[in-house]
Amino acid sequence: MHLIQSAADMRAFSNQCFLEGRSIGFVPTMGALHSGHISLLSKAASENDVTVCSIFVNPAQFNNREDLLKYPRTPESDLKMLEAAGCTAVWMPQPADMYPHKPATGFTFGPIENVLEGTHRPGHFAGVGLVLSKFFNLLQPCSCYMGLKDLQQFLVVKQMVEELNFNIRLIGCPTVREEDGLAMSSRNVRLSASHRAQAPVLYRELVKAASAIKNGTQAKTACHLAIAAIESDSDGKVEYFEAAAMPDLQPLNSLPEKEEIALLLAVFYGDIRLIDNIIVELN
Ligand code: AMP
């Protein structure tokens, strides 16, 4: 497995792959890897000649300094997992290499940025857009694999890829869960034992709300019931639990007329913020 640090070395690796006619499948991550990340890598490996996984805790996408400082970093076990998964190259850039100076170029994404994560994490998607556009330009992957666990992120990046004509196939991959339903997340290791035991209520309530909506309950009512259940059955403090139209994630005003909607949540356990979602097919 190649270990690459500088942007220049990444570009050289990419050029070499191009000359050899080898397709690159790219998996961008912030490290502290788990089976969810590895599922993206396995899919990339099955569809490409070469896989590149980036590990970069991108300062530009953190609106909360504390969260950035406390974000788990486990490079040794990450490298072992990637090696075992057959990853071709790991890219671990340094912030000073990615951002030699504060960029003056910025990203905005319109309505999809003004809801949910966009409202609660101002500047987050601008940071995601910035780092991914730099990664895409340096690496020139054929395909990029992202998790639907971060549904809004996936939809924002899809919009960016289409609008800026990146020649990249963006693949959304299903959320990998623990046996008790909790979505795998690098942040889960920071949960206390008690909060870890309580957190599966999130997915249970997503599933329950999805089924209630399918059976005719108003989306708003189903969300209110879910919020009440999460806050009474656990220490979770709900930041949002909302139904949104797919694929623009705009609020549903009344009974959904759409064929596909999403239920999305962000919940705090102590200072750990977990997100999850479920896509609901109607009819
Ligand atoms: P992160 O390291 O949290 O930035 O995540 C890197 C990529 O892995 C993103 O595309 C995430 O959506 C994806 N990912 C994170 N958790 C999961 C999961 N449980 N299942 C599938 N993909 C995931």
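Just checking, does the stretch 211-226 include any residue being within 24 Å of the chain's Cα centre (by Cα) and of a type in the set (D, E, K, R)? The answer is no, given that none of the residues of the stretch 211-226 is within 24 Å of the chain's Cα centre (by Cα) and of a type in the set (D, E, K, R). Being modelled with pLDDT of 95 or more, more than 16 Å from the chain's Cα centre (by Cα) and over 27 Å from residue 179 (Cβ atoms) is true of residue 12. Tally up the residues in the stretch 38-60 that are in contact with a helix residue (DSSP H, G or I) (Cβ under 9 Å, 6 or more places away or on another chain) and free of Cβ contacts under 8 Å to residues at least 40 places away in the same chain, please. Adding up the residues that qualify gives 6.
For the stretch 227-243, filtered to residues that are over 12 Å from residue 275 (Cα atoms) and among the hydroxyl-bearing types (Ser, Thr, Tyr), the residue that is nearest to the chain's Cα centre (by Cα) is 234. Does residue 136 satisfy the criteria of being surrounded by 18 or more Cβ atoms within 10 Å (Cβ to Cβ), in contact with a Cys (Cβ under 9 Å, 6 or more places away or on another chain) and among the aromatic types (Phe, Trp, Tyr)? For residue 136, the condition - surrounded by 18 or more Cβ atoms within 10 Å (Cβ to Cβ), in contact with a Cys (Cβ under 9 Å, 6 or more places away or on another chain) and among the aromatic types (Phe, Trp, Tyr) - is met. Select from the stretch 15-34 the residues that are within 24 Å of the chain's Cα centre (by Cα) and aliphatic (A, V, I, L, M) and write down the one among them that is farthest from the ligand (Cβ to nearest atom). Among those that are within 24 Å of the chain's Cα centre (by Cα) and aliphatic (A, V, I, L, M), it is 24. Counting only residues that are free of Cβ contacts under 8 Å to residues at least 60 places away in the same chain and of a type in the set (S, T, N, Q), the stretch 129-169 holds 6 of them.
Yes/no per residue for (1) more than 19 Å from the chain's Cα centre (by Cα); (2) within 13 Å of the ligand (Cβ to nearest atom); (3) at pLDDT 95 or above:
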| position | (1), (2), (3) |
| --- | --- |
| 36 | no, yes, yes |
| 56 | no, yes, yes |
| 67 | no, yes, no |
| 82 | no, yes, yes |
| 113 | no, no, yes |
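The values are calculated or read from the model by the stated rules, or taken from the named source; none is laboratory data. This is a predicted model, so every value here is computed, not measured. Cβ atoms come from the backbone with ideal geometry, glycine included; neighbour counts cover every protein chain shown.
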